[in-house]
Structures are given as structure tokens and as C-alpha cells.
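Reading through the C-alpha cells given below for one structure.
The values are calculated or read from the model by the stated rules, or taken from the named source; none is laboratory data. These numbers come from a predicted model, not from an experiment. Because the Cβ atoms are built from the backbone with ideal geometry, glycine has one as well, and the counts that use them run over all protein chains shown.
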Amino acid sequence: MHIVLLGAPGSGKGTQAGIISQRLGIAHVASGDLFREAANRGDELGQQVKSYMEKGLLVPDEITIKMISECIAAPDCNKGFILDGFPRTLGQAKALDEALGEKGESVEMALYIEVSTKELVRRLSGRFICRGCQTIYHAITSPRQVGAGRCERCGGELYQRSDDLPETVRKRIEVYFAETSPLIDYYRGEGKLVEINGEGAIEEVEQKVLGALKGKWA
Ligand code: AMP
């Protein structure tokens, strides 16, 4: 099972990818998480990607494709995977098709979680994350916890991702529509695109996503 999840930053694709990976027992590969881990480690990859991420720009294809190719060749991806945040350019999508094609495999479904720009800005610029357990809070839906600056579950400190600050948020959304929306046409052309309205509550979107997967695999 090889699923690609498409959606702008803030569309909820990370949350839905986590749910799908648990339900289907396949690996969840999040390119943004892999880059953030590298940036925190400060290794060679981290140093290369940090300045792109801080500006809200895409990391060049060459670096990104190499990192993801290594990751999906690892044993924990043998049963399949859901890709969250990759591909983001046509070059990446074609590189993925090639890498899978060499093994006689292919992307079977591209799920596109659709959310309006206004809602994306609202969601991203109010997002706070726990340093301890990574629980996500929002200034609008969880004002008490965000005001206290502490996680309700583990007591960890809440922080805002540097690329969730308003200026960078607008840049990331702009980059998404310029570079990533052509992928929607690409997967539509291949008959693999499934569009999901991502504006409801997490559980509502989850039901729609699971419905699409059942339609294909159940
Ligand atoms: P995300 O957590 O998916 O929003 O990703 C955070 C940042 O990581 C992005 O703004 C990019 O700088 C970088 N990034 C993640 N995935 C990719 C990708 N597929 N191609 C290029 N850059 C990426």
C-alpha cells in the first residue's frame, strides 16, 4: 500500500496520516519531521536544510529525494507507507514513481485534503506544540492551555514552530500553491486522486478519509 497525502500546511494532513498509518499498519513518513529532526541534530543534512525551512521555502529536490528514497527503502516501509509532505513538486512525484517502478510497485492513491487559505492561516498562526509529547494546541480552540504555556497531558512547555509565525505562514501557503498544486493535476490525470474536504472536525475528516480507503481496499 503506497499512499500519498496532499494538502497545504495546516490542512491536517499530519494528523490524518498518523491515523491512517495506525489503522493500516503501514509506515508514516513525514518529510517535514525528518528535516526538523536533522535540523535539531545539526548534522550535515540539518545544516543544509535549516535556512530553507526558516524562510518557508522548499528544500531543493536533490536533497529531499535522496532523503526520502533512503527512508522508503528501509525495512519498516516493507508493508507500505503513507507519505506526508512528500512529494511537493512534480520532480519529486516522478522520482517517487521511478523508485517504486523499479520494484514493480506504484502509488495507488493520492488523497488531497482541501482547506481554504483563510482557514489555513487561522489554523497555522495559532498553533502551539508541546516540547514533551508533541500534542498540538490552538490559541482559538484551547486558549486556556496556550495562555498557561504548559501541556495538559505531560506538563511540557508549549512552543510555536518558527515557521508557524504569521509572515512565514503566508510564504509557506504561497509556495504550496505555486509548487505543489500541479501535483493535484498530475495525480488526477493518473486516476489516483481522491479529494476530501478538510474543513470539519478531525473526526469528521477521519471518517471521510477512512471511507475513501475502504472504497479502495476493503
Ligand atoms: P512541513 O512540516 O511538512 O510543513 O514541512 C516543513 C518544511 O520542511 C517545509 O516548509 C520545507 O522547508 C521542508 N519540506 C518538507 N517536505 C518537503 C518536500 N517534500 N520538499 C521540499 N521541502 C520540504
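Among Thr15, Thr64, which is in contact (Cβ under 8 Å) with a residue 12 or more places away in the chain and within 9 Å of the ligand (Cβ to nearest atom)?
The conditions single out Thr64.
For the range 47-59, which positions are without any contact (Cβ under 8 Å) to a residue 60 or more places away in the chain and either among the aromatic types (Phe, Trp, Tyr) or within 20 Å of Ile173 (Cβ to Cβ) (or both)?
Going through the range 47-59, the residues without any contact (Cβ under 8 Å) to a residue 60 or more places away in the chain turn out to be 47-52, 59.
Listed by number, the residues that qualify are Val49, Ser51, Tyr52, Val59.
If you take just the strands (runs of 3 or more DSSP E) that sit entirely in the range 115-199, which of them hold at least 3 residues that are over 30 Å from Gly215 (Cβ atoms)?
Values: elements: 127-130, 136-138, 193-197.
The qualifying strands (runs of 3 or more DSSP E) are 127-130.
For Gly25, which of the numbered conditions (1) out of contact with any helix residue (DSSP H, G or I) (no Cβ under 9 Å at 6 or more places or on another chain); (2) on the phi < 0 side of the Ramachandran plot; (3) not acidic (Asp, Glu) fails to hold?
Result: Gly25 fails condition (2) only.
Quick check on my filter: what residues within the range 24-38 are touching an Asp or Glu at 6+ places or on another chain (Cβ under 9 Å) and either in a helix (DSSP H, G or I) or within 15 Å of the ligand (Cβ to nearest atom) (or both)? Can you show your working first?
Residues of the range 24-38 that are touching an Asp or Glu at 6+ places or on another chain (Cβ under 9 Å), as a first pass: 27-33, 38.
His28, Val29, Ala30, Ser31, Gly32, Asp33, Ala38 - these are the residues of the range 24-38 that are touching an Asp or Glu at 6+ places or on another chain (Cβ under 9 Å) and either in a helix (DSSP H, G or I) or within 15 Å of the ligand (Cβ to nearest atom) (or both).
Can you name every residue in the range 59-81 that is surrounded by 13 or more Cβ atoms within 10 Å (Cβ to Cβ) and among the small types (Gly, Ala, Ser)?
Once the filter is applied, which keeps residues that are surrounded by 13 or more Cβ atoms within 10 Å (Cβ to Cβ) and among the small types (Gly, Ala, Ser), the range 59-81 yields Ser69, Gly80.
Report, by residue number, each residue of the range 105-130 that is among the polar types (S, T, N, Q), loosely packed, with under 15 Cβ neighbours inside 10 Å and within 23 Å of Asp164 (Cβ to Cβ). Explain how you work it out, then say what you get.
Narrowing the range 105-130 to residues among the polar types (S, T, N, Q): 106, 116-117, 125.
Adding the requirement that they be loosely packed, with under 15 Cβ neighbours inside 10 Å leaves 106, 116-117.
Once the filter is applied, which keeps residues that are among the polar types (S, T, N, Q), loosely packed, with under 15 Cβ neighbours inside 10 Å and within 23 Å of Asp164 (Cβ to Cβ), the range 105-130 yields Ser116, Thr117.
Which condition number does Met53 fail, the rest of (1) buried (at least 21 other Cβ atoms within 10 Å of the Cβ); (2) more than 24 Å from Pro166 (Cα to Cα) being met?
(2)
So which of Ala99, Ala93 is within 16 Å of the ligand (Cβ to nearest atom), at pLDDT 95 or above and either part of a loop (DSSP other than H, G, I, E, B) or of a type in the set (A, V, I, L, M, F, W, C) (or both)? Break it down into steps so the answer makes sense when it comes.
Numbers: Ala99 fails: at pLDDT 95 or above.
Testing whether each residue is within 16 Å of the ligand (Cβ to nearest atom), at pLDDT 95 or above and either part of a loop (DSSP other than H, G, I, E, B) or of a type in the set (A, V, I, L, M, F, W, C) (or both) leaves just Ala93.
Can you name every residue in the range 156-207 that is crowded, with 19+ Cβ neighbours inside 10 Å and of a type in the set (Phe, Trp, Tyr)?
Residues satisfying the conditions are Tyr176, Tyr187.
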